[in-house]
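Asker: Sharing a structure here in structure tokens format.
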Amino acid sequence: SEMVWSCRKKKAQTSRRPIDWIVMRNRMSPLAARNKERVGEALDNLSKRIGFRLAPGLSERVIYRELFPAGLTLLDLTEKGSNVSFTMSHVAARQEMRDLIIILQLPELTGAEITF
């Protein structure tokens, strides 16, 4: 956190614009767990105190482990152009990626429809 704070101060001094810092949890279990809930609450409190945006996390999915050995990512797959048969897990993972891209608020994508 000290390194991030130092970078934020340097950025503010040079450009007068703060860093748009986004924190996202990765490989989240779909199961409800007390520790998962506590970490979520702690991140929410920290986001308000330190000043970062909290993005929805990506779930732990078998499809990621299936794609990795082939050197593929979720974005490499298309429903028509790939040899992978799409399941509800693929659809849900793609929706998580769309949600992440929307949260990032990239200027290049303002007003664009996110289709993948």
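Yes or no, residue by residue, for (1) surrounded by fewer than 13 Cβ atoms within 10 Å (Cβ to Cβ); (2) within 22 Å of MET24 (Cβ to Cβ):
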{"position": "ALA70", "(1), (2)": "yes, no"}
{"position": "THR73", "(1), (2)": "yes, yes"}
{"position": "VAL84", "(1), (2)": "no, no"}
{"position": "SER89", "(1), (2)": "no, yes"}
{"position": "ALA92", "(1), (2)": "no, yes"}
{"position": "GLN95", "(1), (2)": "yes, yes"}
{"position": "ASP99", "(1), (2)": "no, yes"}
{"position": "PRO107", "(1), (2)": "yes, yes"}
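Asker: Looking only at residues in region 9-36 that are in contact (Cβ under 8 Å) with a residue 24 or more places away in the chain and closer than 21 Å to LYS48 by Cα, which one is nearest to the chain's Cα centre (by Cα)? Can you show your working first?
Answerer: Going residue by residue through region 9-36, those that are in contact (Cβ under 8 Å) with a residue 24 or more places away in the chain are 18, 20-30.
Narrowing the set further to residues that are closer than 21 Å to LYS48 by Cα leaves 18, 20-26.
Numbers: PRO18: 20, ASP20: 14, TRP21: 12, ILE22: 9, VAL23: 8, MET24: 5, ARG25: 7, ASN26: 7 Å.
By that ranking, first place goes to MET24.
Asker: Name every residue in region 91-116 that is touching a Lys or Arg at 6+ places or on another chain (Cβ under 9 Å), modelled with pLDDT of 90 or more and either more than 30 Å from ILE19 (Cβ to Cβ) or β-branched (Val, Ile, Thr) (or both), in order of residue number.
Answerer: Selection gives ALA92, ILE103.
The values are calculated or read from the model by the stated rules, or taken from the named source; none is laboratory data. Values in this document were obtained by computation on a predicted structure and should not be read as measured data. Cβ atoms come from the backbone with ideal geometry, glycine included; neighbour counts cover every protein chain shown.
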